[in-house]
Amino acid sequence: MSSPRENERRRTFTLETLEDRRLMAVDSGIDPVRQSIAAVMDPADEVARVFFPSTVTAIVVDASRLADLSTTVSRGDTKTSTTMKLVGDVPGGMRGEKTTYTVLLRDSAGKPLSGQRIGFTEAYGGKERDLGSFSTDASGYATLTYKIPTNPNADNIALTARFAGASRSMASTHTVSHVEIGRRSPEVDVTGPSTNVDEGRGAMFIFRLSQSAKVPVTVTYATADRSAAAGSDYVGATGSITFAPGETSKTVTVATLADAVVDPDESFSMRIVSVSGANPGSPTSSTATIRDATPPPPATTGCWTVFVYMTGSTLNSYARDDINEMEKALGSLPSSVRIVVSWDQVASQANYATGNGAQAGWRTYGRSVLTADSNMSSIASRFDLSFGERNTGDPATLVDFVKWGVEQAPAQHYLLQMWGHGRGFQGSQFDTESDDGALTIEEFATALGTPGMPTMDVVAYDNCLMGMAEVGAGVANACSGVFVASEELVEGAGQNYTTAYARLNVVDPASVNAIQLADGMVASFEQVYRGNSEKKDTLSAIATSGYANLNKAIAGFVSACRGLGSPQRSVMIAAANAIPAYGKQDDHTNADLAGFMARIESAGSLPQAVREAASGVRGAILSMVTSKTRDQRGSGGVAVFLPTEGSNADLADYSSDASAFCQATGWDRFARWMATGVGITSNSLARSSLDSSRIGVLLASIPEAAWAAYASEVAFPADTHSPMGARRIRV
């Protein structure tokens, strides 16, 4: 007769791991329904004590032989083992300092294991000491805060993290062979504003790491009263910031409160409360002084205020030059014309001083109501730098700037001048310090329509490729007057701002309307760039009231094209290839819309309805263009996305990038047909259409003299695809 232990070895157990390292064991030898058994694994003696129900005699199973009993260990429904690895640097620092030892626990599938106890030990001088155990967090991390011994004999310290799990197949160990004594851990300090802060402005505190860390570093902070009191002099602040691996600087801005009381200068402090993942440095607190400011008198309402929204990026030197040009222009403009600038200088480019050198070259975001100055070598205007770094590709930054500008310089009329890189319907204001975040057309339109935003009389782009039907259609609802932009790339120098707003140089600038001001901007641009060797010479002013008719005319054209076949598509592709196209150095597929429609209109092989619809589109453009440069290619003033190949990289996202325009016109489906030959479906034009009678009314409304003048200006040379040379770069 065999011994009891031999009988036990022949049984088959299936073990399931529970959260608290217990095992649920099922013994197929007890009864046919596989009765549940509770077991506890003791990692110290390699024994699994298995407790059967009270009706069964308790037995002890040797843990090292579980594999002989056909054991399967699982967590939930997944077979598993664990891995543990060090996170970040090997622990190190000076004797007596604290450092951190962080490990990450994962299962075999790479999933973090939370709620597991990790035991830590230290060993040196032939002895090992228990440092306690800690639970892994939701991300699988367990961290030991370790104080490096001051004992000079502790030269070769080994730190070990152990996870026993509920069975041997889950056990995992990580050991650091030695702690690097003498290597300092990252330290965090805080510094406050370098100058006194005017009450009502923000006090910016900078938290810095002495070196980048490979694990997140979290700092909790709090303000404290000195002579200033939270709630009456400033807004008290408590919170935390986290440095991601590689980051070394964070800012916290504390708002100060303005009042009508004359006070002496008052101060408050910002202090570091605690640090996780690094050590406190010096200083751990810093002071900000609030300078009493007499409330300014209410701003007087001017005639025109120009908001200039500048994203420096790789164009920062041109931004400096243009601000100097604006300051010079203000010297000859009436005082009721003001220019308010938002300027984001980037750290990766040359930075420029302001305030006639009183503000050294700064690498952040600032705003200013410009002052007149004729010195073109330095910027005289002082900039408010209390806003902290801002992402100018974020519509919230634009809205905040315009509302601030209205407070500083209210006026009867407003012009919004966008300034920076542009990519047509894909947006503008590409902020290189914010992952090239950009203002999409939809975001820009939404920003302009935000409650509290003034209605713009003129919206202008000093950016590449923004003179597109898609862009104008997005802007139209929030602009009561004129849209100004270029179909083509724009030279780095952009507009000549000494003359761009010269039409306002009259006794009463309020008498100058949006069309007159915009036409002056076009004339100024033409004076500089007419005959440009790279043909970067297009700028047009478009009455925004005309976009509704243009959208309807385009929808009518797309409707007329429904059902066309391959021969007609070939004719249209030939027309597209024979007209001015813009931004070709950057693989853009922007084409002159009027030029395309003129080619379609004269293509006798196309159905009459298509040619009449094309004439309607061309007529709509003619009626809304208030002025345009006499460029070398005879551009019509409005560009559109016109791909001719299915490989076009912009085709996939076009419908979403230009959503408002596509919903109104169905042009996305026409563009897809042009590029791929996929037919234009009937439901694509359900939203908007234009019948032939409407086209007739539109054409009849255009004087014959206007048609003749237009025909004399719009020429379509055969060599429109000749190279345009090196690209400038407002793209």
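Values in this text are rule-based calculations from the coordinates and carry no lab data. Worth saying up front: this structure is predicted, and the values here are computed from it rather than measured. No Cβ is skipped: glycine too gets one built from the backbone with ideal geometry, and neighbour counts run over all protein chains shown.
Brief remarks on what is shown
- Extending 7 Å from Cα along the Cβ direction at Thr191 and again at Ala244 yields two label points whose distance is 2.5 nm.
- Here segment 85-181 is treated with +1 on each Lys and Arg Cβ and -1 on each Asp and Glu Cβ, and its dipole about the Cα centre works out to around 240 debye.
- Beta bridges per DSSP with both ends in segment 85-181, % antiparallel, nearest 5: 95 percent
- Gain in span if fully extended, Val678 to Ser377, counting 0.36 nm per residue against the direct Cα distance: 102.7 nm
- The residues Cys662, Cys561, Cys303, when put in order of fewest to most other Cβ atoms within 10 Å, stand as Cys303, Cys662, Cys561.
- Derived scalar couplings between HN and Hα for segment 373-389 equal 6, 9, 6, 7, 9, 8, 8, 7, 5, 8, 10, 7, 10, 7, 7, x, 5 Hz in order, rounded to whole Hz, by the Karplus curve 6.51 cos²θ - 1.76 cosθ + 1.60 (θ = phi - 60°), x for Gly and Pro.
- Spacing of the modelled spin labels on Thr175 and Arg530, each 7 Å from Cα toward Cβ, amounts to 8.5 nm.
- Set of lysines near Lys111 by C-alpha distance (under 17 Å), chain-local residues within fewer than 8 positions excluded: Lys79, Lys85
- Cross-link partners of Lys250 among lysines (Cα-Cα below 26 Å; sequence separation of 8 or more within a chain): Lys98, Lys214
- Rounded FRET efficiency, nearest 0.05, which uses the C-beta distance separating Lys98 from Gln663 and R0 of 51 Å: 0.30
- Extension gain, Ala222-Asn477: 0.36 nm per intervening residue step, less the Cα-Cα distance, totals 87.3 nm.
- Scaled radius of gyration (Cα, divided by 2.2 N^0.38 Å) that segment 570-626 gives: 1.19
- Interchain or long-range residues, amide H under 5 Å from Gly492's placed H: Ile729
- Cross-link partners of Lys536 among lysines (Cα-Cα below 29 Å; sequence separation of 8 or more within a chain): Lys328, Lys584, Lys628
- In terms of the mean number of neighbouring beta-carbon atoms within 10 Å, the peptides 668-680, 216-228, 333-345 order highest first as 333-345, 668-680, 216-228.
- Within segment 101-141, backbone nitrogen closer than 19 Å to the virtual label 7 Å beyond the Cα of Lys85 toward Cβ: 101-114, 136-141
- Note: segment 458-501, Cα convex hull, 64 Å³ per residue.
- Mean Cβ count within 10 Å, highest first, over the residues of peptides 474-487, 495-508: 474-487, 495-508
- Counting only the Cα atoms, segment 187-291 fills a convex hull of 78 Å³ per residue.
- Pair-distance distribution of segment 87-173: all C-alpha pairs, bin width 5 Å, starting at 0; shares per bin in whole percent are 3, 13, 24, 24, 16, 11, 7, 3, 0.
- The gain in end-to-end length when the Ser545 to Ala255 segment is fully stretched comes to 100.2 nm, 0.36 nm per residue minus the alpha carbon separation.
- The label point for Gln516 and the one for Lys403, both projected 7 Å from the Cα toward the Cβ, are 3.3 nm apart.
- The listed peptides 202-213, 106-117, 533-544, ordered by packing as a protection proxy, come out as 533-544, 202-213, 106-117 (highest mean of other Cβ atoms within 10 Å first).
- Estimated dipole of segment 337-393 in Debye, rounded to 20 [Cβ of Lys and Arg +1, of Asp and Glu -1, Cα centre]: 60 debye
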